[in-house]
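**Q** One structure, as structure tokens, below. Some questions next.
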Amino acid sequence: MKNSLFYFSATGNSLAVSKEIANKLENCELISIAEVVKKESYDIDSEMVGLIFPVYCLDAPKIVRESIKKVNFDSNPYIFSIATNNREPGYTLATIDKLLKEKGQNLDLGYTLVMPGNSVVIQDNTNSREEQILRINNSKVIIREMIKDIQEKRKAAIEGDFSLKDSIKGLIYQLAVYKIYKSQNHFWTTKQCRRCGICKKICPTENITLEEQEVEWGNNCEGCLACFHWCPQSAINLGNNTLNKSRYHHPEVNLAEIIK
């Protein structure tokens with residue numbers, strides 16, 4: 001029976017982790033969560049299911065939560081999840097476990113994994129080049145240990161911070177970020193924009209359109225910042241605070257893999 005690994009990735013961190021794990025699992029299919037969420041429903045008949053994605057505001061991204069709600073399990077697979085994060089995993093995996101339980105399943109193994117930061121919304125949480133390299137190299141060592149546990153179908157308590165403090169902090173983050181991303185005029189482009197269309201192609205919710213003279217954002221933003229980080233001209237900004245902020249994407253993931 002096949003194994004299925006579902007991933008959501010904007011700047012490549014979670015996709016890089018997914019590729020590394022998929023290469024070590026037999027008959028493993030990599031499936032984009034951005035494609036799953038577009039369907040009315042999605043049937044899974046796999047021996048093993050993996051969910052790999054980044055932490056947003058101390059929780060699972062909306063697109064990940066919505067995709068789980070659309071999934072139908074035809075069997076009782078071994079399920080593991082890895083939440084990539086910038087040292088604040090929050091209660092992300094508890095959310096995933098809760099959603100799976102509503103489907104009659106359990107999260108058997110849940111890991112958090114520190115990767116380079118990419119959020120620039122409330123504050124600049126990107127890292128120096130040296131720190132990015134260090135985190136990526138450290139992650140490879142940790143992933144090798146994770147793979148052993150996954151291959152053995154190990155079960156363990158899920159990782160994360162499930163404190164009341166983190167719950168309140170996450171809610172505050174979400175309310176602040178929601179207000180920013182729902183503002184259609186918050187995103188804008190500088191004169192360096194060449195209207196190449198990469199931002200439109202890379203958007204997981206198809207929220208970006210190219211008009212005759214400008215790029216426009218709708219009100220269905222996931223908040224992934226793929227458009228900001230992958231723009232080849234660094235022409236996309238959020239408000240007035242990102243003009244000089246660093247752009248980042250994982251060095252082992254290319255643009256075509258994210259768009260696919």
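The values are calculated or read from the model by the stated rules, or taken from the named source; none is laboratory data. Note that the coordinates shown come from a computational prediction; the quantities given were computed from them, not determined experimentally. We place every Cβ from the backbone using ideal geometry, glycine too, and count neighbours over all the protein chains shown. Side chains are part of the model used for accessible areas, which takes the heavy atoms of the whole protein and leaves out ligands, DNA and RNA. Shrake-Rupley method; radii C 1.70, N 1.55, O 1.52, S 1.80 Å.
**Q** Of the numbered conditions (1) modelled with pLDDT under 90; (2) loosely packed, with under 14 Cβ neighbours inside 10 Å; (3) more than 26 Å from Asn240 (Cβ to Cβ), Lys155 fails exactly one; give the number of that condition.
**A** That leaves (1) as the condition not met.
**Q** Looking at Ser41, Ser14, Ser9, which is the one that is among the hydroxyl-bearing types (Ser, Thr, Tyr) and surrounded by fewer than 24 Cβ atoms within 10 Å (Cβ to Cβ)? Quick ask: steps written out before the conclusion?
**A** Numbers: Ser14 fails: surrounded by fewer than 24 Cβ atoms within 10 Å (Cβ to Cβ); Ser9 fails: surrounded by fewer than 24 Cβ atoms within 10 Å (Cβ to Cβ).
Of Ser41, Ser14, Ser9, the one residue that is among the hydroxyl-bearing types (Ser, Thr, Tyr) and surrounded by fewer than 24 Cβ atoms within 10 Å (Cβ to Cβ) is Ser41.
**Q** Return the residues of the range 204-256 that are exposed (fewer than 13 other Cβ atoms within 10 Å of the Cβ), touching a residue at least 24 places away in the same chain (Cβ under 8 Å) and at positive phi; say none if nothing qualifies.
**A** Matches in the range 204-256: none.
**Q** Also, quick follow-up: For the range 114-169, give me each residue that is in contact with a strand residue (DSSP E or B) (Cβ under 8 Å, 6 or more places away or on another chain), of a type outside the set (D, E, K, R) and in a helix (DSSP H, G or I).
**A** Those that are in contact with a strand residue (DSSP E or B) (Cβ under 8 Å, 6 or more places away or on another chain), of a type outside the set (D, E, K, R) and in a helix (DSSP H, G or I): Asn138, Ser139, Ile142, Ile143, Met146, Ile150.
**Q** Just name the residue that is farthest from Ile158 (Cα to Cα) out of those in the range 82-95 that are open to solvent by less than 10 Å² (accessible area, probe 1.4 Å) and assigned to a helix (DSSP H, G or I).
**A** Filtering first and then ranking leaves Thr92.
**Q** Right, something else. Go through the range 33-81 and give me each residue that's part of a strand (DSSP E or B) and polar (S, T, N, Q). Give the steps one after another, and end with the answer.
**A** Residues of the range 33-81 that are part of a strand (DSSP E or B), as a first pass: 42-44, 48-54, 56, 59, 71-73, 78-81.
Listed by number, the residues that qualify are Asn72, Ser81.
**Q** Which of the residues spanning the range 111-130 are β-branched (Val, Ile, Thr) and either open to solvent by less than 40 Å² (accessible area, probe 1.4 Å) or under 13 Å from Asn241 (Cβ atoms) (or both)?
**A** Thr112, Val120, Val121, Ile122, Thr126
**Q** Is it fair to say Lys179 is open to solvent by 80 Å² or more (accessible area, probe 1.4 Å), more than 20 Å from Asn207 (Cβ to Cβ) and either modelled with pLDDT of 90 or more or not hydrophobic (A, V, I, L, M, F, W, C) (or both)?
**A** On the way: open to solvent by 80 Å² or more (accessible area, probe 1.4 Å): yes; more than 20 Å from Asn207 (Cβ to Cβ): no; either modelled with pLDDT of 90 or more or not hydrophobic (A, V, I, L, M, F, W, C) (or both): yes.
Against the criterion (open to solvent by 80 Å² or more (accessible area, probe 1.4 Å), more than 20 Å from Asn207 (Cβ to Cβ) and either modelled with pLDDT of 90 or more or not hydrophobic (A, V, I, L, M, F, W, C) (or both)), Lys179 does not qualify.
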